[in-house]
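Readers should treat all values here as calculations from the given coordinates under stated rules, not as data from a laboratory. Here the structure is a predicted model, which means the values were calculated and not measured. For neighbour counting, all protein chains shown are included, and Cβ atoms are generated from backbone atoms with ideal geometry for every residue, glycine included.
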Amino acid sequence: MKKDYRILAISRSSESESEIKAAAADLDGGSVDYRVDRLAEVAPTIVNSHVPDVLLIELGLQDPDEVRHLSRLIRENAGRMAVLATGSDVSLEDARLMMRLGVSDFIPRPVTPGDLTAAVETAVERLHPSAPREAQGGSVVTFLRASGGVGATTLAIETAARFLVQRKREKPRVCILDFDLQFGNAALSLDLTATTGIDHVLEAEGRVDDDFLLGSMARHASGIEVLAAPGQILPLDAMTPEMTGRIVQFARAHYDFAIIDMPYAWTGWTLDVVARSDMVVVVTELDVTSIARTRRQLDLLDASHIEGVPVVVMLNRHRARWSMRGRRKEAEKALGRPFDFVIGWDGATAAAARDRGVLVSHLHRRSPIVKGLTRFVQESAATLHREGRPAARRSLLDGVIGG
C-alpha cells in the first residue's frame, strides 16, 4: 500500500477533531491535516495539488449546501480522492444518500483507531493498488478514444468478437458495456434493438442487482451481449462511480471478458472505471490533433498514479505506405513511446459492417482490422490472466443497508 498518502480531516467541533487525532496516531504512514470548519468554507481550496488522497469529514447531511459541495468534490476528483464520513447516528436514508454521493465508507463515532485504520487502508489501496489488478472472475478491457470518430467503438466490438473466436473451445461469455451516455452506438452497430439498457439501470438505482443487469443485456447472434447506451442523450453525470463499479463488478462475475466503450469526454467517473480495469486501450489516429490529445490522456493517466493497469496505445486506420513512416515516427516521438498495436485501414469494410449491423469479420475475415485485433487479443492474454487479488473489505455503509 502507498505510504506517502495525505488525509484532510474536517471536523465540526474541537471535540471530534481531538477524537480523530487520537485515532489517527495508529496510522501506518501518511500525513493528516486537521480543520474545524464547514465543508463549504474548505471545498474551494481542495483543487489541483491540494487534493488529498483521503477526505475524512464529519458530515452534516441535513445541510443541503454541504451535500452539494461534497457531491461536486467527489464528482470532480473521482479516482483521485476517497471520501470517508464520520458521525454519531446514521439512518438508513442517510446511508443511502452517502452511497449515492460516492462516500467510500462510514466510521461511526466515537472513532476508534481500528475502524479508522481499516477504512483508510482500504481507501488508499483502492486508489493506489499494490496487488495485481486481476479480480476473481472475468477480465475488463476499457477503450478510451483520443477524439471523436477515431473508430474506437468498431475496435471494441471486433475485440469482443476476437475473444469469442480465439477462445471458442472454452466457450467464453463476452459482453460490451457501452458507457457513452450521449453518442454510444455499440448496439446500433450490431443491429440490436435494445428494449432496456443503461438508461433503465440508472432509473432503477437501488433496485439494481445481478438479475436486473442480466435482464438488461441484449444478445447478438455471435454470442456477444451488450449493455446498450441510452436511446436519448443523457448528461454524463447521470452515471456515478458507484454505479459503474456495480456494473463492472457484475460483468466480472458473469462474463469471461468485458469490453467497456467509454465516451470521448472525461467524466467524474472515468478514472474510477480505469482503476477497475485490467487493461486500458487508448485509440488514436495519425493526425496532429489526435496525437496531441492522446499525449494529454497519457499524461493524465500517469499523473493519476493508477498502478497495475497497463495502458496500450492503438493506432487505428493506418495506411501502410512508405510516405507514412516519417509521420508515424514523429507521432511516436511526440507521445514519448511507440504505438503498441497498429490497425490497418479498411474503411470500406468497416462502413459496410456498420450499415448492415454485422461484424467486420463477417464480411471480410482477412480485413486488416481483424488481423490487427487478432494479434492484440493474442498478445494481451498473458496480461489478462494473472492470479486473483484478495477480496475487498466490506464498507460499513454496506452493513447499514444490507444488515
Task: region 48-123 and region 259-285: distance between their alpha carbon centers, rounded to Å - done: 25 Å
Open item on the list: Can you tell me what share of the DSSP beta bridges in region 6-128 is antiparallel? A percent to the nearest 5 is fine.
Closed with: 0 percent
Task: Taking region 84-219 and dividing mean pair separation by its residue count, relative contact order in percent (alpha carbons under 8 Å, at least six apart) - done: 13 percent
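Before rounding to the nearest 500, sum -39500 (n - 2.57) across all DSSP H runs of length at least 4 in the chain and divide by the residue total; then give [θ] at 222 nm in deg cm²/dmol. Write out the running numbers ahead of the final one.
Numbers: 17 runs with 166 residues, N = 403.
It lands at -12000 deg cm²/dmol.
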- [ ] For the chain, find the longest principal axis of its Cα atoms and tell me its angle to the long axis of helix 92-101, 0 to 90°, nearest 10.
- [x] 50 degrees
TODO: May I ask you to sort MET324, MET99, MET262, MET239 by Cβ crowding, counting other Cβ atoms within 10 Å and putting the fewest first?
DONE: MET324, MET99, MET239, MET262
Open item on the list: If I fit a long axis through the Cα atoms of helix 113-127 and take the longest principal axis of the Cα atoms of the chain, what angle between them do I get, 0 to 90°, rounded to 10?
Closed with: 20 degrees
Task: Over region 312-361, relative contact order from alpha-carbon pairs under 8 Å, at least 6 apart, % - done: 48 percent
Open item on the list: Can you classify region 6-128 as rounded, prolate or oblate using the Cα gyration tensor, where a ≥ b ≥ c are the square roots of its eigenvalues, rounded means a/c under 1.5, and otherwise it's prolate if a/b beats b/c and oblate if not?
Closed with: rounded
Open item on the list: Using only Cα atoms and rounding to the nearest 10 degrees, what angle (0 to 90) does helix 241-254 make with the longest principal axis of the chain?
Closed with: 60 degrees
Open item on the list: So for the chain, averaging the separation of alpha carbon pairs under 8 Å that are six or more residues apart and normalising by length, what relative contact order in percent results?
Closed with: 19 percent
Open item on the list: Test of the criteria: in region 220-291, which GluC sites (Glu not before Pro) are in a DSSP loop and have at most 16 other Cβ atoms within 10 angstrom of their Cβ?
Closed with: none
Open item on the list: Can you tally the net charge around ASP299? Count Lys and Arg as +1, Asp and Glu as -1, for every other residue whose Cβ sits under 15 Å from the Cβ of ASP299.
Closed with: +4
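Relative to the compact globular guide of 2.2 N^0.38 Å, what is the alpha carbon radius of gyration of the chain, as a ratio? All intermediate terms of the calculation are to be shown ahead of the outcome.
Values: Rg = 22.4 Å, N = 403, 2.2 N^0.38 = 21.5 Å.
Rounded to two decimals, the normalised Rg is 1.04.
Restricting to the chain, what percent of DSSP beta bridges are antiparallel, rounded to 5? Working shown, then result.
Details: 2 of 47 bridges.
Antiparallel bridges: around 5 percent, rounded to the nearest 5.
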